[in-house]
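Undergrad: Before I ask anything, let me first share the structure, which is written out below as structure tokens.
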Amino acid sequence: MKASSRIYRTLPRYDTQQPSAVTIGNFDGVHRGHQAILARVHESAQERGLASTVMTFEPHPRAYFARRGQRPELIPTQISSLRDKVQALQAHQVNQLVLERFNQALADMSAEDFIEQLLVRGLNTRWLLVGEDFRYGHKRSGDIDLLRRAGKQYGFDVETIADIADEHGHRISSSEVRTALAVGNLERAEHLLGRSYRITGHVIHGQKLGRTIGYPTLNVKVPLQCAARSGVYVVRAHGLAAHPINGVASLGVRPTISHGGRLMLEAHLLDCQVDAYGKLAGIEFLQYLRDEEKFPDLPTMIAAIDQDVQSARDYFAFHGL
């Protein structure tokens, strides 16, 4: 994203009346289907002299309604943290990013007010791209026909886009990415995302048990509803040195040493020691090794870690990394 790009958390924008080319969605994962949408928005914005704009929601509307209804099992798992989503969107020539807070006021907003307050007054929209099944407003009452009528009234064009399929004709969607990550199929996830899966976060202090057993780790918080399967992975760490650092990581709640802990990503770097506390690390997932386990004692756990480290070394040797 260019330095002149803006992130807005409230609308109308406080600093410009520039007309916009807009798309709306959750964009979890910013997968290849999303990338095709972003490319079309950029193209149209360039043709029309508009600001390419993405409006997305935080939290995910389905998560908001699931929590409100006390149905946590309906909360969708999360492919990307908000930070990772923003960074991925910024990589696709987005001039304006609207992080619209999904709350009761937005849930209660009529479809007509959604158009007038957010699209017209909020962004001075002149061109809009949405999916063919896009719904909005209170109880999802707004549809494409209403958008087209409003477009004629307020002066913006509406374009719809069908589901994006891969070269084999399979639909590319956030749901498909979540399914792949849930079973540890990183190859499938990479195919859908157009890049390897990674989690980015600041390195925080942990219990420091790892250093006492010969396997110091760097600890990164992950989304509570992280879509990736808990378990042990071959990884590479980015952002801690001039080059990626090979490693092995555990994603889970550390059942052997912790009871009722929160989900955490712990990465052990191979043959490398860095002062990582407070730094922003990107952990790239390369291969799923095994499920998270609760071991009867520390020696059994250490033996398993020994094997994990050897498996990671074998992976990097085989792939020449």
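The values are calculated or read from the model by the stated rules, or taken from the named source; none is laboratory data. The model shown is predicted, which means the values in this text are computed figures rather than measured ones. Please note: Cβ atoms are built from the backbone with ideal geometry, for glycine as well, and neighbour counts cover all protein chains shown. The protein model used for the area step is the full one, side chains on, heavy atoms only, and it has no ligands, DNA or RNA in it. Shrake-Rupley method; radii C 1.70, N 1.55, O 1.52, S 1.80 Å.
Undergrad: State the answer as a single residue: which of 150, 105, 234 lies farthest towards the positive end of the charge dipole of the chain, with beta carbon charges of +1 for Lys and Arg and -1 for Asp and Glu, about the Cα centre.
TA: 105
Undergrad: Points 7 angstrom from Cα along the Cβ direction at residue 107 and residue 74: gap in nanometres?
TA: 0.9 nm
Undergrad: Where the only charges are on Cβ atoms (+1 Lys, Arg; -1 Asp, Glu), what is the dipole of the chain about its Cα centre, to the nearest 20 debye?
TA: 820 debye
Undergrad: Putting +1 on Lys and Arg Cβ atoms and -1 on Asp and Glu Cβ atoms, find which of 61, 42, 19 reaches farthest to the positive end of the dipole of segment 12-68.
TA: Value computed over the given set: 61.
Undergrad: Determine the dipole magnitude for segment 1-141: charges of +1 sit on the beta-carbon of Lys and Arg, -1 on that of Asp and Glu, nothing else is charged, the reference point is the Cα centre, and the result goes in debye to the nearest 20.
TA: Magnitude of the dipole: close to 240 debye.
Undergrad: Another question, if that's okay. Picking from 32, 126, 67, which is most flexible by a Gaussian network model of the chain using Cα springs under 10 Å?
TA: 67
Undergrad: Please report, as a whole percent, how much of the solvent-accessible surface of the chain comes from carbon and sulfur atoms (probe radius 1.4 Å).
TA: So the carbon and sulfur contribution to the accessible surface is 48 percent.
Undergrad: Spelling out what I want: for every residue of segment 184-197, take phi, set θ = phi - 60°, compute 6.51 cos²θ - 1.76 cosθ + 1.60 (Karplus), and round to whole Hz; glycine and proline get x.
TA: Listing the rounded values in order: x, 8, 6, 5, 5, 4, 5, 4, 6, 7, x, 6, 5, 6 Hz.
Undergrad: What GluC sites (Glu not before Pro) does segment 83-162 have in DSSP loop regions with at most 16 other beta carbons within 10 Å?
TA: 132
Undergrad: Compute the long axis of helix 298-319 from its Cα atoms, compare it with the longest principal axis of the Cα atoms of the chain, and write down the angle in degrees, 0 to 90, nearest 10.
TA: Value to nearest ten degrees: 60.
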